[in-house]
């Protein structure tokens, strides 16, 4: 470790907020002054300190990078999908950071055409991200959005695919886009400059310099998005908060018309919409906590006309559905794992026979892939697991058979039979059963408490942890690390009730579940109590901060990405992106009861003098979701309280946003850096077989 004289020590400048009869103290609020010389100097000092602390791991980082890269097929192409007269595909090429989006004629001869080369867009830019792509119905124009800072502020561009000319048509702060049927009218949404809330829908006519404001969402809890039904009949405008939604529709052939409301918003009710032959099909939690499927005539779309066609299953939440001319696919979760249920439709559009697509592994991810043909008789879906690389299948509805189109190649000697996964359940402190998914290398694992254990968690927003394959994860598994994913309350694995049990005034369940999960794994012999590493990012970074405050003795190393750790100051500042909308997830601290509860777990506000595990905290200067100053303030304060000499490192990517580096090779270097830290702390620098 660098000497104490090299420690970056931020100058405390006491600031006090009197609220609800108490005081909230913040000595490091000055770190919010982005771009000021002293803030930049401090952040650069933290980066220099982290580099010094990691000195001696450069060779390990390089070896990890090479090892991870050896398991990635650098020259690759996605499975093409048909959309109209074209087949679309994505190519990655050795040495290039970004993909090329391509197409070719679906029938007959014709050369492959690059419709967008992200490498060309990224020239001279430290960051480049494509937000959304949309080809016009006639196939002649491409609308797309790009962000070159990481702040998730996207600019719209339109490209003529016949001439490769970029048109002068553009707009700033664009979110979603959708073409009307005439291929000359584009609808798009934009964000508020201060809060970054998507709140306005615009109609743009090609060549026009003035766009028409079609809709404005005034409720600060809601964001909007525009899209189109799969049969291309209607444009759909969705307005949604974390708990409530409503949708409006417009005939895609009449872009100058007005959107019509399907059913007005009702607090805590959500619905999503598709269309088939004069009926809207809706997935909704109206009188169905775990969601059901209803349909209603387009002419009378209100709730009073909703006809239930697929009832709620109390133990199997309906997560999504895909609607086609002759069949429907309902995506359920049973005991937290996906099931795809295919229903045939009769002539009137009602559900008849069904068949389940089920999967062989104990822990996996499966979902509908890209399906653009409404009249198809096959369904394309994606499947992968903790031990099985990503695969794309097509399912024949008539024969009920699946055909593998492609399984991701994993070079570098990968042998799936060397690895094993498990799905376990444990009793939380209050008796609730909680699932955990595990993966390890079989010949390196002994269930005797000797293995290094790495536990990952999130547990917020009703988000279910995806249990997919990771080529980079092999670097840990091959060194004997047991990797666990804790499906704690606040996530979505068991539906809305699971989410509700870990948010608002029940948020502490998320943290106690994670602690209980770790204790359970140790008690069952899956890990060595002296070698436990944990990781989480964003809201998962809040989890890292909370559990480290609660049980610093339980964890040896902590990796925290873009962590939401300054809960109180962020949630009391309504000018920040996300804050008001997030009241439905965390609570509104302007209310005394919510304030007291949120303060009880806020990581920044609950740091205390004592010993802490080794910690690597990572953030990005241009993060628009969790501002860089949250982890910066957290580390600055912890430096003044920590009583032991374990590493406390802060790394700031000065050219990226919430997701880190945008280029794929740069991103792998970030992973290699993280893994070097973990392996060093777990005593595994030399071990690999």
Open item on the list: Any residue that is in contact (Cβ under 8 Å) with a residue 24 or more places away in the chain, part of a strand (DSSP E or B) and within 30 Å of residue 197 (Cα to Cα) - is there at least one of those in region 308-319?
Closed with: yes
- [ ] State yes or no: is residue 456 outside any loop (DSSP other than H, G, I, E, B), touching a residue at least 60 places away in the same chain (Cβ under 8 Å), under 19 Å from the mean Cα position of the chain (by Cα) and surrounded by fewer than 22 Cβ atoms within 10 Å (Cβ to Cβ)?
- [x] yes
TODO: Considering each of 11, 40, 22, 16 in turn, give the residue that is assigned by TED's automatic domain parsing to the domain that holds residue 631, surrounded by 14 or more Cβ atoms within 10 Å (Cβ to Cβ) and modelled with pLDDT of 95 or more.
DONE: 40
Open item on the list: Given the condition outside the structural domain of residue 441 (by TED's automatic domain parsing), within 24 Å of residue 273 (Cβ to Cβ) and within 23 Å of the chain's Cα centre (by Cα), answer yes or no: does some residue in region 354-364 qualify?
Closed with: no
Task: Scan of region 1-50 for residues that are outside any loop (DSSP other than H, G, I, E, B) and farther than 25 Å from residue 151 by Cβ, ordered by number - done: 4, 5, 6, 16, 17, 18, 19, 22, 23, 24, 25, 49
Open item on the list: I'd like to verify a number: residues in region 477-492 that are over 18 Å from residue 537 (Cα atoms) and crowded, with 22+ Cβ neighbours inside 10 Å, how many?
Closed with: 3
TODO: Within region 608-626, work out how many residues are surrounded by fewer than 24 Cβ atoms within 10 Å (Cβ to Cβ) and under 28 Å from the mean Cα position of the chain (by Cα).
DONE: 7
- [ ] Working only within region 290-307, note down all residues that are more than 18 Å from residue 338 (Cα to Cα) and assigned to a loop (DSSP other than H, G, I, E, B).
- [x] 298, 299, 300, 301, 302, 306
Task: Subset of region 489-516 (residues that are free of Cβ contacts under 8 Å to residues at least 40 places away in the same chain, within 25 Å of residue 319 (Cα to Cα) and in a helix (DSSP H, G or I)) - done: 498, 499, 500, 506
Open item on the list: Based on this model, can you work out whether residue 646 counts as in contact with a helix residue (DSSP H, G or I) (Cβ under 6 Å, 6 or more places away or on another chain), without any contact (Cβ under 8 Å) to a residue 60 or more places away in the chain and outside any helix (DSSP H, G or I)?
Closed with: no
Task: Checklist (1) touching a helix residue (DSSP H, G or I) at 6+ places or on another chain (Cβ under 6 Å); (2) surrounded by fewer than 21 Cβ atoms within 10 Å (Cβ to Cβ) applied to residue 629, failing item - done: (2)
- [ ] Could you list, in sequence order, all residues of region 564-588 that are within 30 Å of residue 553 (Cβ to Cβ) and either surrounded by fewer than 19 Cβ atoms within 10 Å (Cβ to Cβ) or in contact with a strand residue (DSSP E or B) (Cβ under 8 Å, 6 or more places away or on another chain) (or both)?
- [x] 568, 569
- [ ] From 655, 674, grab the single residue that is more than 23 Å from residue 476 (Cα to Cα) and touching a residue at least 24 places away in the same chain (Cβ under 8 Å).
- [x] 655
TODO: Considering only residues that are under 25 Å from the mean Cα position of the chain (by Cα), in contact (Cβ under 8 Å) with a residue 40 or more places away in the chain and in a strand (DSSP E or B), look in region 126-168 and name the one that is farthest from residue 626 (Cα to Cα).
DONE: 135
TODO: Taking residue 269 as the residue in question, decide whether it is in contact (Cβ under 8 Å) with a residue 24 or more places away in the chain, in contact with a strand residue (DSSP E or B) (Cβ under 8 Å, 6 or more places away or on another chain) and surrounded by fewer than 21 Cβ atoms within 10 Å (Cβ to Cβ).
DONE: yes
- [ ] Test residue 598 against the criterion of being out of contact with any strand residue (DSSP E or B) (no Cβ under 8 Å at 6 or more places or on another chain), in a loop (DSSP other than H, G, I, E, B) and either assigned by TED's automatic domain parsing to the domain that holds residue 501 or without any contact (Cβ under 8 Å) to a residue 24 or more places away in the chain (or both), and give yes or no.
- [x] no
Task: Among the candidates 241, 245, 258, residue that is under 22 Å from residue 302 (Cβ atoms) and in contact with a helix residue (DSSP H, G or I) (Cβ under 8 Å, 6 or more places away or on another chain) - done: 241
Open item on the list: Condition first: more than 22 Å from residue 280 (Cα to Cα), part of a strand (DSSP E or B) and free of Cβ contacts under 8 Å to residues at least 60 places away in the same chain. Now tell me which residues in region 379-403 satisfy that.
Closed with: 381, 382, 383, 391, 393, 394, 395, 396, 401, 402, 403
TODO: State all residues of region 210-233 that are outside any strand (DSSP E or B) and within 19 Å of residue 197 (Cα to Cα); if no residue qualifies, say none.
DONE: 217, 218, 219, 220, 221, 222
Task: Any chance residue 60 is touching a helix residue (DSSP H, G or I) at 6+ places or on another chain (Cβ under 7 Å), touching a residue at least 60 places away in the same chain (Cβ under 8 Å), surrounded by 14 or more Cβ atoms within 10 Å (Cβ to Cβ) and assigned by TED's automatic domain parsing to the domain that holds residue 588 - done: yes
Open item on the list: Being touching a residue at least 40 places away in the same chain (Cβ under 8 Å) and either assigned to a loop (DSSP other than H, G, I, E, B) or touching a strand residue (DSSP E or B) at 6+ places or on another chain (Cβ under 8 Å) (or both) is the filter here; which residues of region 104-125 pass it?
Closed with: 113, 115, 116
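Listed here are the residues, each with its yes/no results for (1) under 26 Å from the mean Cα position of the chain (by Cα); (2) in the same structural domain as residue 492 (by TED's automatic domain parsing); (3) in a strand (DSSP E or B); (4) buried (at least 18 other Cβ atoms within 10 Å of the Cβ).
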{"site": "235", "(1), (2), (3), (4)": "yes, no, yes, yes"}
{"site": "242", "(1), (2), (3), (4)": "yes, no, no, yes"}
{"site": "263", "(1), (2), (3), (4)": "no, no, no, yes"}
{"site": "275", "(1), (2), (3), (4)": "no, no, yes, yes"}
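The values are calculated or read from the model by the stated rules, or taken from the named source; none is laboratory data. What you see is a predicted model, and the numbers here were worked out from it, not measured in a lab. Cβ: placed from backbone, ideal geometry, glycine included. Neighbour counts: every protein chain shown.
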